[in-house]
Every structure is written in C-alpha cells, then in structure tokens.
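The values are calculated or read from the model by the stated rules, or taken from the named source; none is laboratory data. As the structure is a prediction and not an experimental result, all values here were calculated from the model. Every residue, glycine as well, gets a Cβ built from its backbone with ideal geometry; the counts of neighbours run over all protein chains shown. Ligands, DNA and RNA are excluded from the accessible area calculation, which covers all protein heavy atoms including side chains. Shrake-Rupley method; radii C 1.70, N 1.55, O 1.52, S 1.80 Å.
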Amino acid sequence: MCGIVGAVAKRNIVSMLVNGLLRLEYRGYDSAGLVVVHDAKLERVRSAGRVAELATKSANTYGELGIAHTRWATHGVPSERNAHPHMSRDLIAVVHNGIIENYEELRTELTAQGYEFTSDTDTEVIAHLIHSHYAQGSLLVATQMALSQLVGAYAIGVVAADNPHQLIAARKGSPLLLGVGVGEHFVASDMSALLQVTKNVVYLEEGDVVEVNLANYRIFDQQGNAVQRAVHVSELDNDSVELGEYQHYMQKEIHEQPQALANTLESVCNSQSLVPGIFGAEANTIFPQVESILILACGTSNHSGQVAKYWLEEIAGIPCNVEIASEYRYRVSVPNPKILVVTISQSGETADTLAALIHAKATGHAFTLAICNVPESAIIRQSKLRLLTRAGPEIGVASTKAFTTQLAALFLLTLVMAKLRGRLNADREQQFLHELRHLPAAVQKVLALEPKIAEMAKHFANKHHALFLGRGMHFPIAAEGALKLKEISYIHAEAYPAGELKHGPLALVDADMPVVSVAPNDTLLEKLKSNLQEVKARGGELFVFADAQTHIKESDGVHILQMPEHAGFLSPILHTIPLQLLAYYVALEKGTDVDKPRNLAKSVTVE
Ligand code: G6P
C-alpha cells in the first residue's frame, strides 16, 4: 500500500527520499512523487510509473526539506495527476496514506470557497483544508484544525513553501514513524525507509501530530497536549533489507526460512520446557481460563490459522474457529469472554485484521493474543498477549517466511495449551521440542530440492489454470500453494480438500489442468491416493509432492517430487517450501514481476 518518506536536514535530501521510496516499493504502488521546498517555492516531481523513473526525473532537484510518496490507487486511477504530493495554491503540499471518508462533502465545501481541484483523490481535500486555516496560524495549528474535520484513516506529511525548515506529520489508523537524527529528522510509514539514515525511532501513536524541525521535534496527542514518546533503537539493520546474492526478495526470503524459524523458536528451543509466559506475563492467568480459540486473519496469515485449527483441536483438545477478518468484523457473532482471540498478521497493520480485533474487543473479548512479525505495530499494541515471529523484514509481496514462522508460533501455542490441559506429558513435550530444534535443518533439506522444482515449473508456464489438492492439515497448505501461484504467476489456481474433488472440480480436469497434490505419508494417504487415481483416470496431469515411503510412482502424467521423510505434525511447514518454490519458478518462466505482482500490496492498510 501507499508509503511515506519525509526529511528535514541541512543537506540535499532528494536522494534520501528516493532511496526511502525504493525501500517501500515492496508494499505495492502504482505511482510515485515528491516535493521539496527550495527558495520559498514548492518543487514537485511525479511519475505514473516506478520509483526509478521518479529518481531520473528528480536527479537535478535540490531541497533540504521534502516529502515523498508511493501511491496505491484507491480514489482515482493511477496517473501522474493523481500521484502525491497534492498541493494547494503552490503553498501547501501533502502526502497521505489511508482513506478520507467524508472527502466528497469536504470537496463540495472547499469548491464553494473557491479551491480548485486538480486530481480525483481524497487526499487533495487535506491540502486545501490546511491552506484554508494556514492564514490564521502556524502550519502545526492549521494541520490540527484540518485533521479535526476529517473522518477516516490517515498518516500524513505536510510542508509549506514559506516554512523551509519544518515538516508536520500525523497519524490515525495508518502507521507513521519519526526518525531521530543529529540535527536532522525524518518521517516514514515503515522503518525500512529510515534505516539508511537512523536507527533511532519514535512510534507515533493514534491521533499524534508531530512538528518536526531541524534540531528538535514536538509531539502532540489527539487532544493537542504536548506528550513525550520513547525513542526506540530499531533492531533491524540495513543488510536485512538488501537483496544480496539473490535475484528476487521472494527467493531470498524462501531461503531465509531455516534462520527465520531458528530465530522464532530460539528462546523455546534453548529451554527445557514450555511455559505460557512466552506469550507475555499475563498468559499465566489468562490461558487457564480459555475455553476455545478464535483466529482472525487475512490472506496467507489466515492459512496459517487454518493449519493451527487442526493442531489445536487434535493436540490440545481445544475448540478452534478460524475466520477471515474482513467477514468477522461485519457479522453478528456470539461473543464469549472465555474465548482467546488470536490475530495473525505479518505486518501488524492490516486494516481488516486490526478492525476485527477492535470489534472483538468491543463485543466483550478481553483475551487477545497477536502473532505478528512487526514489534510496536498496531495489532501488537491492541493485544494483551503477543508472540513475535522473528522472520525479519519481508519485502516480497507474496508472503513466505512470515507464513512458516507463524506456523512455528502457532505450534508453540498449541503445545502450551496442550500442556495446560493435561494433554502433553513430559516425554511428549521433550519429543516435540526435539522436533522443533530439528525443524530448520529439515527445511534446509527441502530447499535442496530447488533445481527439481525449477524443472517442474516449466510444465506450468503455458497453463491458465491449476488445481491444488491436500487433505487434513495439509489442505490449508494446498490453499497457500494455490494463493502463491495466483499471486505471482497470474495463473488461476484453486485449492480443494482432495475428498471434495468428485463433488465438482473433477469436471474441470483434463490435460490442460495441472493438478498439484500435497501427499504426506499420514493417515489420509490411502484416501488421497484414491483421489489421485480419479484425476489420472480423467487424463489430468499430476504433480505430486510425496513424502518418502508413500510409494507413489512416477508414470505417464504423474510427476513426483520426492520429499524427505514425513515430519509428523510439523509436516505442513515442510510441505509449504516446495509450493513456494514452484510458484516462484513458474513466475520466472512467465517473466512476471515476482516481488511486486500487479494490483497487490504488501501491507493492506485500507479496508
Ligand atoms: C496482503 C499481502 C499478503 C498477506 C495479507 C495479510 O494481501 O499481500 O501476503 O498475507 O495482506 O497481511 P498480514 O500483514 O496481516 O499478514
């Protein structure tokens, strides 16, 4: 989704702004722009394409104060005229993430006051509103007055042509950070844009407005009171967002999974037993009261929740429901204060998941746990309990290492719940801990199959559809494989629990429909084999990811990828890897933009 970078310094900040936008490209966008204040004028450069084009266009631009933006179109088509920054009468410039819900009514009022609109965006009203108040006060006061008229979500950056050393920023419903330098300051919607200049960061809170100057800054809360916010030192380093030896971030992130899993499991694997405290101190009192679990998440994160349902019910014996966050937030459900509401989110900022969490709390759910990859994110801050996945920054839009680390975290939740419910004796606990310690090495072994999967991918390059089959806890893995394929290769892919094949999708099977099957050596194997026969008998081409000892044989129309031995309950994590690689190599064959698939965004901060 949209990204913001801003800077005030005693040096030319244009390359910093552009580099910051490059770091935010992964969030997904369709146009980019920046504005600098120079010689008491606003100098704006915009491009309907990539940030690289903006870099070329702004190569000779100079400014010591500026704001920049990548836009993911919501109101108005992606075009240069709709790209941010938006300006009011060459005096005020604004960049904005989020959606202003009452913009039509504000636009009508501002038009009546004589303001001329040059874009179709909701953002332009903010620029004119600030302008309309600017004559009566400072840029800070004018911005605060404008914000009080807005309904909706925003993170904004504001500069004025006649104010060469000051930037105003504010947030409500969209993330925004303040980067603290020496004699210079920065703002950004994401830490990765700031790592090039500072690791010292202030996480602005809901409703905060900040006046950013060269030497200092002042933060005001929603009521306008001056407040102090802690300065944190980010744990991220610049290398963690570099591509290094890899061709794409997705490939890099697939290969980072052994390390990401090891990091996520570090504290647990080094200990001798599992304790609720890994989810936060209050887990000791909350978990024993929990009667059932409700998981809320979107996209890939929802798939990890679906796998966890199988684990939680089978291993811990605790009822579990998994809901799409955007559905839950609007349906009438039956609240039960004994439910543990678990939100899963890579970014911690997904608008639907955040809203679902807030809705759950409003209906009386006090037990909330976030499984998230971003510390200090909105979802973390809204939750009582938390477990941070330690996957490191995930840049590729198609989620990979965030997913497998979420699974690892959810497995820990399962084990802790099982233990509290008397379903995990000491031997079994030690056995699971041993398997978790071995997990990174097991994933590494699956990654070694990469060349074979790259070969397999060639069969998909000219196909338009694909079917993914799985059973039991591997059905959500099949769904995740289908999602990966459609996201980055644009091949239409659907997943079915294999037993459902005969109730409809079998009608689609012919030689043009590759059928991918996740075939672990588990109790459902014989059932799955029968389902595969149904496909073969109809001339379908099968691609089977089979554990050792499944005895499924390669034959005409049946391609086998030999997986390592079955990994018990952790098998879904291992079976995810080849499906990620398959999608990646099919996308390479098709020449799509792997890390930035069309129309998609990494962090969906609008509804
Ligand atoms: C977007 C991303 C997906 C992600 C989903 C949920 O659609 O493209 O990769 O799974 O949002 O994001 P979250 O950050 O909440 O896990």
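Taking the range 430-470, which residues are under 22 Å from S571 (Cβ atoms), of a type in the set (F, W, Y) and part of a helix (DSSP H, G or I)?
Matches in the range 430-470: F432 only.
Output the residue which, of all residues in the range 346-362 that are near the ligand (Cβ under 9 Å from one of its atoms) and among the charged types (D, E, K, R), is nearest to the chain's Cα centre (by Cα).
For the range 346-362, the residue satisfying everything is E349.
Name the pairs whose Cβ atoms lie under 9 Å apart, with the first residue in the range 490-514 and in the same structural domain as L579 (by TED's automatic domain parsing), the second assigned to a helix (DSSP H, G or I) and hydroxyl-bearing (S, T, Y), and 6 or more positions between them or separate chains?
A498/S530
Can you name every one of the helices (runs of 4 or more DSSP H) wholly within the range 235-322 that holds 2 or more residues which are more than 24 Å from R23 (Cα to Cα) and touching a residue at least 24 places away in the same chain (Cβ under 8 Å)? Please lay out each step first, then the result.
Working: elements: 249-255, 257-269, 283-286, 299-311.
Where helices (runs of 4 or more DSSP H) fall fully within the range 235-322 and carry at least 2 residues being more than 24 Å from R23 (Cα to Cα) and touching a residue at least 24 places away in the same chain (Cβ under 8 Å), they are 257-269, 283-286, 299-311.
Where residues in the range 115-148 are open to solvent by 50 Å² or more (accessible area, probe 1.4 Å) and of a type in the set (A, V, I, L, M), which of them is nearest to V77 (Cα to Cα)?
Across the range 115-148, the extreme among qualifying residues is M145.
Which one of these does S192 not meet: (1) surrounded by fewer than 22 Cβ atoms within 10 Å (Cβ to Cβ); (2) small (G, A, S); (3) outside any loop (DSSP other than H, G, I, E, B); (4) in the same structural domain as A146 (by TED's automatic domain parsing)?
Tallying (1) surrounded by fewer than 22 Cβ atoms within 10 Å (Cβ to Cβ); (2) small (G, A, S); (3) outside any loop (DSSP other than H, G, I, E, B); (4) in the same structural domain as A146 (by TED's automatic domain parsing), S192 fails exactly one: (1).
Which one of the conditions (1) out of contact with any Leu (no Cβ under 7 Å at 6 or more places or on another chain); (2) open to solvent by less than 10 Å² (accessible area, probe 1.4 Å); (3) within 9 Å of the ligand (Cβ to nearest atom) does S399 fail to meet, given that it meets all the rest?
That leaves (2) as the condition not met.
Restricting to the range 319-345, and then to whatever is closer than 16 Å to A409 by Cβ and in contact with a helix residue (DSSP H, G or I) (Cβ under 6 Å, 6 or more places away or on another chain), can you tell me which residue is nearest to the ligand (Cβ to nearest atom)? It would help to see each step written out before you state the result.
Taking the range 319-345 and keeping what is closer than 16 Å to A409 by Cβ, we get 320, 322, 340-345.
Then keep just the ones that are in contact with a helix residue (DSSP H, G or I) (Cβ under 6 Å, 6 or more places away or on another chain); that gives 320, 322, 341, 343-345.
Values: C320: 19, V322: 14, V341: 15, T343: 8, I344: 7, S345: 3 Å.
Here the answer is S345.
Each row is one residue, and each column tells you yes or no for (1) open to solvent by 10 Å² or more (accessible area, probe 1.4 Å); (2) within 16 Å of the ligand (Cβ to nearest atom); (3) of a type in the set (D, E, K, R).
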position	(1), (2), (3)
F279	no, no, no
A283	no, no, no
F287	no, no, no
C298	yes, yes, no
E314	yes, no, yes
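Would you check which residues across the range 406-429 are touching a residue at least 12 places away in the same chain (Cβ under 8 Å) and not in a helix (DSSP H, G or I) and list them?
If the condition is that a residue be touching a residue at least 12 places away in the same chain (Cβ under 8 Å) and not in a helix (DSSP H, G or I), then R421, R423, L424 are the ones that fit.
So which of I219, I254 is open to solvent by less than 70 Å² (accessible area, probe 1.4 Å) and within 30 Å of Y585 (Cβ to Cβ)? It would help to see each step written out before you state the result.
Values: I219 fails: within 30 Å of Y585 (Cβ to Cβ).
Sole residue among the options that is open to solvent by less than 70 Å² (accessible area, probe 1.4 Å) and within 30 Å of Y585 (Cβ to Cβ): I254.
Does the range 1-30 hold any residues that are in contact with a Leu (Cβ under 9 Å, 6 or more places away or on another chain), farther than 18 Å from A169 by Cα and outside any helix (DSSP H, G or I), and which are they?
K10, G28, Y29
When residues of the range 195-219 are filtered for being of a type in the set (S, T, Y) and part of a strand (DSSP E or B), how many remain?
Of the residues in the range 195-219, the ones of a type in the set (S, T, Y) are 198, 203, 217.
If we keep only those that are part of a strand (DSSP E or B) too, we end up with 203, 217.
Number satisfying all stated conditions: 2.
So in the range 554-607, with the set limited to residues that are polar (S, T, N, Q) and more than 27 Å from K463 (Cα to Cα), which one is nearest to the ligand (Cβ to nearest atom)?
Within the range 554-607, the first condition is being polar (S, T, N, Q), and the residues that meet it are 555, 562, 571, 576, 580, 592, 599, 603, 605.
Now narrow it down to the ones that are more than 27 Å from K463 (Cα to Cα): 571, 603, 605.
Numbers: S571: 22, S603: 6, T605: 10 Å.
Result: S603.
If a residue has to be away from the ligand (no atom under 11 Å from the Cβ) and under 24 Å from I318 (Cα atoms) to count, how many in the range 363-379 make the cut?
Initially, the range 363-379 is screened for residues away from the ligand (no atom under 11 Å from the Cβ), giving 363-369, 375-376.
Subset that is under 24 Å from I318 (Cα atoms): 363-369.
Qualifying residue count, the range 363-379: 7.
Of the conditions (1) open to solvent by less than 10 Å² (accessible area, probe 1.4 Å); (2) part of a loop (DSSP other than H, G, I, E, B), A68 fails just one. Which one is it?
(2)
If I go through the range 533-550 residue by residue, how many of them are open to solvent by 10 Å² or more (accessible area, probe 1.4 Å) and free of Cβ contacts under 8 Å to residues at least 40 places away in the same chain? Can you show your working first?
Here is the first cut: in the range 533-550, the ones open to solvent by 10 Å² or more (accessible area, probe 1.4 Å) are 533-534, 536-539, 541, 548-549.
Then keep just the ones that are free of Cβ contacts under 8 Å to residues at least 40 places away in the same chain; that gives 533-534, 536-539, 548-549.
Residues flagged as open to solvent by 10 Å² or more (accessible area, probe 1.4 Å) and free of Cβ contacts under 8 Å to residues at least 40 places away in the same chain within the range 533-550 amount to 8.
Inside the range 240-251, can you point out the residues that are surrounded by 22 or more Cβ atoms within 10 Å (Cβ to Cβ) and touching a Leu at 6+ places or on another chain (Cβ under 7 Å)? Please lay out each step first, then the result.
So in the range 240-251, the residues surrounded by 22 or more Cβ atoms within 10 Å (Cβ to Cβ) come out as 249-251.
Y249 - this is the single residue of the range 240-251 that is surrounded by 22 or more Cβ atoms within 10 Å (Cβ to Cβ) and touching a Leu at 6+ places or on another chain (Cβ under 7 Å).
From the list T61, T56, T111, which one is surrounded by fewer than 24 Cβ atoms within 10 Å (Cβ to Cβ), in the same structural domain as D162 (by TED's automatic domain parsing) and in a loop (DSSP other than H, G, I, E, B)? Steps first, please.
Numbers: T56 fails: in a loop (DSSP other than H, G, I, E, B); T111 fails: in a loop (DSSP other than H, G, I, E, B).
Within the list T61, T56, T111, the selection yields T61.
I need the full set of residues from the range 486-511 which are hydrophobic (A, V, I, L, M, F, W, C) and open to solvent by 10 Å² or more (accessible area, probe 1.4 Å), in order please. Walk me through it before giving the result.
Our first condition is that a residue be hydrophobic (A, V, I, L, M, F, W, C); within the range 486-511, this holds for 488, 491, 493, 495, 498, 501, 506-509, 511.
Residues satisfying the conditions are A495, L506, A507, L508, V509, A511.
Which of (1) open to solvent by 50 Å² or more (accessible area, probe 1.4 Å); (2) charged (D, E, K, R); (3) under 18 Å from Y103 (Cα atoms) does R171 not meet, given it meets every other one?
Among (1) open to solvent by 50 Å² or more (accessible area, probe 1.4 Å); (2) charged (D, E, K, R); (3) under 18 Å from Y103 (Cα atoms), R171 violates only (1).
Inspect the range 367-381 for any residue being touching a residue at least 60 places away in the same chain (Cβ under 8 Å), open to solvent by less than 10 Å² (accessible area, probe 1.4 Å) and not aliphatic (A, V, I, L, M) and give the result as yes or no.
Yes: the range 367-381 contains one or more residues that are touching a residue at least 60 places away in the same chain (Cβ under 8 Å), open to solvent by less than 10 Å² (accessible area, probe 1.4 Å) and not aliphatic (A, V, I, L, M).
Being open to solvent by 80 Å² or more (accessible area, probe 1.4 Å), at pLDDT 95 or above and outside the structural domain of F543 (by TED's automatic domain parsing) is true for just one of R437, R423. Which residue is that?
Numbers: R437 fails: at pLDDT 95 or above.
Exactly one of R437, R423 is open to solvent by 80 Å² or more (accessible area, probe 1.4 Å), at pLDDT 95 or above and outside the structural domain of F543 (by TED's automatic domain parsing), namely R423.
Would you point out which residue out of V151, V159 is in the same structural domain as V212 (by TED's automatic domain parsing), within 30 Å of the chain's Cα centre (by Cα) and surrounded by fewer than 19 Cβ atoms within 10 Å (Cβ to Cβ)? Break it down stepwise before answering.
Numbers: V159 fails: surrounded by fewer than 19 Cβ atoms within 10 Å (Cβ to Cβ).
Exactly one of V151, V159 is in the same structural domain as V212 (by TED's automatic domain parsing), within 30 Å of the chain's Cα centre (by Cα) and surrounded by fewer than 19 Cβ atoms within 10 Å (Cβ to Cβ), namely V151.
In the range 8-25, how many residues are within 22 Å of the chain's Cα centre (by Cα), of a type outside the set (S, T, N, Q) and open to solvent by 30 Å² or more (accessible area, probe 1.4 Å)?
Matching residues across the range 8-25 total 2.
When you go through L91, L34 one by one, which is the residue that is open to solvent by 30 Å² or more (accessible area, probe 1.4 Å) and within 15 Å of L167 (Cα to Cα)? Before the answer, list the steps.
Working: L34 fails: open to solvent by 30 Å² or more (accessible area, probe 1.4 Å).
None of the other options fit; the residue is L91.
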